[in-house]
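The structure under discussion appears below in the form of structure tokens.
The values are calculated or read from the model by the stated rules, or taken from the named source; none is laboratory data. All values reported here derive from a predicted model rather than from experimental measurement. Here Cβ is always computed from backbone atoms with ideal geometry, including for glycine, and neighbour counts include all displayed protein chains. Quick note on the areas: whole protein, heavy atoms, side chains included, nothing else; ligands and nucleic acids left out. Shrake-Rupley method; radii C 1.70, N 1.55, O 1.52, S 1.80 Å.
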Amino acid sequence: MRKLSVLAASALLLASSSFAKEINVGVVMSMSGPLAAYGQTCNEGIEFAHSLQPKLKNGDTVKLVLIDTKGDKVESANATTRLISSDKVVGIIGELTSTNTAQVMAIADKKEIPVIAPVATNDKLTEGKKFANRVCFTDSFQGAVVANYAAKDLKLKTAVIVVDQAQVYSLGLAKAFKDAFSAAGGKIVKEIKVSSGDKDFKAVVSQIKAANPDFMFLPMYHPEVSMIARQAKQIGLNKPMFSGDGVANQTFIDLGGDAVEGYMFTDFFDYGAPPTERSKEFIKAYAAKTGKQEVNSFVALGADAYNLMVDAMNRCANPEDNICVNNEIKKTKGFEGVSGVISMDELGNSTRSAVIKVVQNAKAVYKATVNP
């Protein structure tokens, strides 16, 4: 009788395992090219979160299908089309920049495939799209955080803005900052336009020095910002500098060297002030695997994009039902993520906190948390 029970249990186990499936989730990310430092870091978070939770509650296995966009919007579009048509993904995580993510979301929306962007912050990204979502804050929130902190906490009254006219991220963040800084009583004394890939900023820093602002706001990515900081130092321009999350990585500090000492920026997360129990558990597991105590905010947001996708899939009777998955993403409230508590709205935008950091002794140091 006991032998029959064991055989029956074994048969049941084999039967249940035979029904378990492998479900594809796409990842489109800048793994090479000028933004590789961001993309590789963000994907590290996605893959580490996957290693901690590779299966759904019904036993199905999640398979990540990664395509390198090389930081290019055409490559981003091609990758999205391939993931949907060839790999039959249920959802997509990515891309990195707002410009490239717009391509991903436009194509995925037509095919009704949910997208979760880890770090794309441009306000207009999700407008008019039913299947577009993100776990990061928006530029309007981020821009207001910088403006109010500069005006109210640091008592700075005038600013020069340097904006990358080739990036919608930069243009959107610059506008949000201008509106909030002016509303707080500040004055923009000059706005200077540059383009991604520029390397000679001697004329730019000379113009800033002549304008003599209280501080500079550079809503751009780290390759250009680090060069501007170094060239500013060469001509003795020592005004405070502020950026958004586009410089939130150690590569920026390494490239900038002593020229970025004292540099301030907004970020999504700080490992030294873990906001949730999940944060603490993730940091502990990450340290055990990598030997590194420091968890970059892009790692945390990559992990949250994956965890939120899996959470939504788990709430669907059929985790391959892309319509249900998208609906459940948007119903998410009070989700305990690695980077903080996340609540989604019907537009696919998240409500969450921001942190402010400053570069001290070649490290990003936590200063404050700003809640929505």
For this session: Determine which residues of region 225-243 fall in the zone a paramagnetic label at V189 would reach in this model, i.e. backbone nitrogen under 20 Å from the point 7 Å along Cα→Cβ.
Result: 228-243
Seminar exercise, completed: Scalar couplings 3J(HN,Hα) for region 64-70 by Karplus 6.51 cos²θ - 1.76 cosθ + 1.60 (θ = phi - 60°), nearest whole Hz, x for Gly and Pro, are 8, 10, 9, 10, 7, 8, 6
Problem set entry | Share, in percent, of DSSP beta bridges within the chain that are antiparallel, nearest 5 | 35
Problem set entry | Vicinal HN-Hα couplings computed from phi for region 338-347 (Karplus, 6.51 cos²θ - 1.76 cosθ + 1.60; Hz; Gly/Pro x) | 5, 8, x, 7, 10, 10, 9, 10, 5, 8
Exercise. Restricting attention to region 320-357, which trypsin sites (Lys or Arg not before Pro) occupy a DSSP loop and are surrounded by at most 12 other Cβ atoms within 10 Å?
Worked result: K333
For this session: Please calculate how many Å² of accessible area region 101-227 carries per residue, with a 1.4 Å probe and no DNA, RNA or ligand atoms counted.
Result: 39
Seminar exercise, completed: Between K155 and N371, Cβ-based FRET efficiency (R0 30 Å, step 0.05) works out to 0.85
For this session: For region 174-219, give the magnitude of the charge dipole about the Cα centre (Cβ charges: +1 Lys/Arg, -1 Asp/Glu; no others), in debye to the nearest 20.
Result: 80
Exercise. Under a 5 Å amide H to amide H cut-off, with H placed in plane at 1.01 Å, what residues pair with Y271 once short-range neighbours are removed?
Worked result: V295
Seminar exercise, completed: About its Cα centre, region 217-372 carries a charge dipole, from +1 on Lys and Arg Cβ atoms and -1 on Asp and Glu Cβ atoms, whose size in debye to the nearest 20 is 420
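State the three equivalent ellipsoid semi-axes of the chain, derived from the C-alpha gyration tensor as the square roots of 5 times its eigenvalues, in descending order and whole Å. Write out the running numbers ahead of the final one.
Numbers: eigenvalues 335, 84, 65 Å².
Over the Cα atoms of the chain, the semi-axes work out to 41, 21, 18 Å.
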Problem set entry | Leading residue at positive end of dipole, region 49-114 (Cβ point charges), from Q53, S98, A77 | Q53
Exercise. How big is the shadow of the Cα convex hull of region 268-330, averaged over all directions, in nm²?
Worked result: 5.0
Problem set entry | Anisotropy class of region 21-77 from Cα gyration tensor, a/c 1.5 cut | oblate
Exercise. With the other protein chains left in place, how much accessible area per residue, in square angstrom, belongs to region 271-363 at a 1.4 angstrom probe?
Worked result: 41
Exercise. Separation of region 152-184 and region 346-365 by C-alpha centroid, Å?
Worked result: 16
For this session: Could you run the Karplus curve 6.51 cos²θ - 1.76 cosθ + 1.60 with θ = phi - 60° over region 362-372 and give me ³J(HN,Hα) per residue in whole Hz, x for Gly and Pro?
Result: 6, 9, 7, 10, 5, 10, 7, 10, 10, 8, x
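Leaving out ligands, DNA and RNA, and with a 1.4 Å probe, what % of the accessible surface on the chain is carbon or sulfur?
Whole-percent figure for carbon plus sulfur exposure: 53.
Distances longer than 16 Å among the Cα atoms of region 76-177: what percent of all pairs is that?
Looking at region 76-177, the distances longer than 16 Å represent 59 percent of pairs.
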Seminar exercise, completed: Where a ≥ b ≥ c are root eigenvalues of the Cα gyration tensor, a/c under 1.5 meaning rounded, otherwise prolate if a/b exceeds b/c and oblate otherwise, region 141-276 counts as rounded
For this session: Spit out the partnerless Cys residues in the chain, using Cβ distances under 4.7 Å as the pairing rule.
Result: C42, C136
Problem set entry | Average Cα contact separation per residue, region 210-334, under 8 Å, 6 or more apart, as relative contact order % | 17
